[in-house]
Ligand SMILES: [Zn+2]
């Protein structure tokens, strides 16, 4: 993200404050509003500036379940990919021990 800015400078450089870090789903542009004062998530009041994020373990689990996009990926697919990544890492370790590769670690 090359144009992502954390601060907002306005009034001809007289005012500098934190900028909202929310992204538009449609245009993929960053929100142009200042972040709420004391916002833990650096968001404006339109984008959940008062939110503190999930506080409990089950809250975190609920959020991660809600962010799993149906049709794009499933829990089984994620687990399978994680398992295969671990398997490839083990194969790479064995290849490295047996001097089958020249690449660095
Ligand atoms: Zn915003």
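Can you tell which of 27, 41, 74 shows the greatest fluctuation in a Gaussian network model of the chain with Cα springs below 10 Å?
27
Taking each pair of distinct Cα atoms in the chain once, what is the resulting Kirkwood hydrodynamic radius in Å?
It works out to 18.1 Å.
Once a ≥ b ≥ c are taken as the square roots of the eigenvalues of the Cα gyration tensor of the stretch 61-105, is the result rounded (a/c under 1.5), prolate (a/b larger than b/c) or oblate (a/b not larger than b/c)?
prolate
State whether the stretch 1-53 is rounded, prolate or oblate according to the following rule on the C-alpha gyration tensor (a ≥ b ≥ c being the square roots of its eigenvalues): a/c under 1.5 gives rounded; otherwise a/b larger than b/c gives prolate, and the remaining case gives oblate.
Because a/c hits 1.5 or more and a/b fails to exceed b/c, the stretch 1-53 counts as oblate.
Please compute, for the alpha-carbon atoms of the stretch 35-89, the extent along each of the three principal axes and give them in descending order in Å.
Extents along the principal axes, in whole Å: 46, 26, 20.
To the nearest 0.05, what FRET efficiency results for residue 45 and residue 12 with a Förster distance of 25 Å applied to their C-beta separation?
FRET efficiency, residue 45 to residue 12: 0.50.
Expressed as an acute angle from 0 to 90° and rounded to the nearest 10, what is the orientation of the C-alpha long axis of helix 75-97 relative to the principal long axis of the chain?
That helix lies at roughly 60 degrees to the long axis.
Please arrange 65, 43 by how many other C-beta atoms lie within 10 Å of their C-beta, fewest to most.
65, 43
Between 83, 60, 33, which gets the highest mean-square fluctuation from a Gaussian network model of the chain, Cα cutoff 10 Å?
Of the options given, 83 has the highest mean-square fluctuation.
Quick note: the coordinates plus some simple rules give every number you see, no bench work behind them. Source: prediction; values computed, not measured. Cβ coordinates were reconstructed from backbone atoms using ideal geometry, including for glycine residues, and neighbour counts include every protein chain displayed.
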